[in-house]
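The values are calculated or read from the model by the stated rules, or taken from the named source; none is laboratory data. Computed from a prediction, not measured in an experiment: that's the story for all the values here. Quick reminder, even Gly has a Cβ in these numbers, built from the backbone with ideal geometry, and neighbours come from all protein chains shown.
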Amino acid sequence: MRNLGITLALASVVCAFAFGICFAVKHNRELHQAAISNDTRAWLHAEFHLNDGQLAAIAKLQGAYSLRCDEKCAAMMSARRRAASPHELRQLESQCLEDMRRHFQDVAALMPPGEGERYLASVLPYVAAVEDAGTPSVRLEH
Amino acid sequence: MSYSVPEDALLRRLKDFRLRPPRDPEFRCRVWSRIKACTAPTNWFAYARTHPLPVCSAFAIALLVGSIAGLAHARAQAERDSGTLAKSYVRTLDPRNRTQ
């Protein structure tokens with residue numbers, strides 16, 4: 001009985017050791033660190049294996065997207081201020097989301113083959129969630 | 001059924017038969033020492049040598065379970081981290097956040 005207990009205790013130690021080794025080998029520290037610091041650039045680097053050139057190109061695309069988005073958002077706010085028709089508002093909102101989706105496709109095109117598809121599969125469900133949650137003008141009513 | 005030895009002769013022989021084992025004064029001690037050896041706790045290494053199959057099976061199962069759990073935990077954490085970051089990434093580009 002005592003030896004059975006020792007065997008089980010040693011087996012537990014072996015189990016814990018195997019767990020630790022396999023976790024340490026498979027654990028993506030860079031990704032976890034990025035999640036803790038909410039660093040999306042580090043996420044792109046760690047998750048999609050991008051080099052500095054690709055990251056710089058993506059940052060440039062993002063800058064251009066931000067300018068476009070700001071313009072659209074300003075147009076949308078102005079439309080709300082002048083009480084534009086719901087149809088016009090919906091059109092502006094859908095243009096905004098479409099622009100966001102196109103931006104993601106442009107970013108995916110800069111990634112290595114295979115990674116772009118993975119990137120789209122990661123982000124597009126959240127774009128769909130944005131649409132489901134409500135469009136920008138709904139938020140502006142608050 | 002027929003017997004080659006007559007019944008009277010057999011009975012007489014059985015009556016005369018005596019078992020005379022040689023005297024062994026150490027017999028009792030030897031029996032007790034064997035009983036003690038059987039009941040005394042054995043060294044774990046001796047136990048493992050005498051029970052290699054259950055011991056090795058326990059270690060193999062522990063190794064397998066630990067490895068699978070470690071890999072699964074790492075994968076789940078990576079998926080969770082990636083999901084959190086993807087959500088945050090989309091949120092930063094979400095037009096609703098830009099109009100606030």
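Miscellaneous remarks
- Scan the stretch B:64-78 for residues that are under 20 Å from A:Leu8 (Cβ atoms) and buried (at least 17 other Cβ atoms within 10 Å of the Cβ) and the total you get is 3.
- Checking each residue in the stretch A:58-84 for being surrounded by fewer than 18 Cβ atoms within 10 Å (Cβ to Cβ), over 17 Å from the mean Cα position of the chain (by Cα) and aliphatic (A, V, I, L, M) picks out A:Ala64, A:Leu67, A:Ala74, A:Ala75, A:Met77, A:Ala83, A:Ala84.
- For the stretch A:61-92, taking the residues that are acidic (Asp, Glu) and under 15 Å from B:Leu93 (Cβ atoms), the one that is nearest to the other protein chains (Cβ to nearest Cβ) is identified as A:Asp70.
- Taking the listed residues A:Val25, A:Val107, A:Val14, the one that is out of contact with any Ser or Thr (no Cβ under 9 Å at 6 or more places or on another chain), of a type in the set (A, V, I, L, M) and within 18 Å of A:Ser122 (Cα to Cα) is A:Val107, with no other qualifying.
- Residues that are facing another protein chain (nearest Cβ under 7 Å) and at pLDDT 90 or above do not occur anywhere in the stretch B:91-100.
- B:Glu79 over 37 Å from the mean Cα position of the chain (by Cα) and at pLDDT 90 or above: yes
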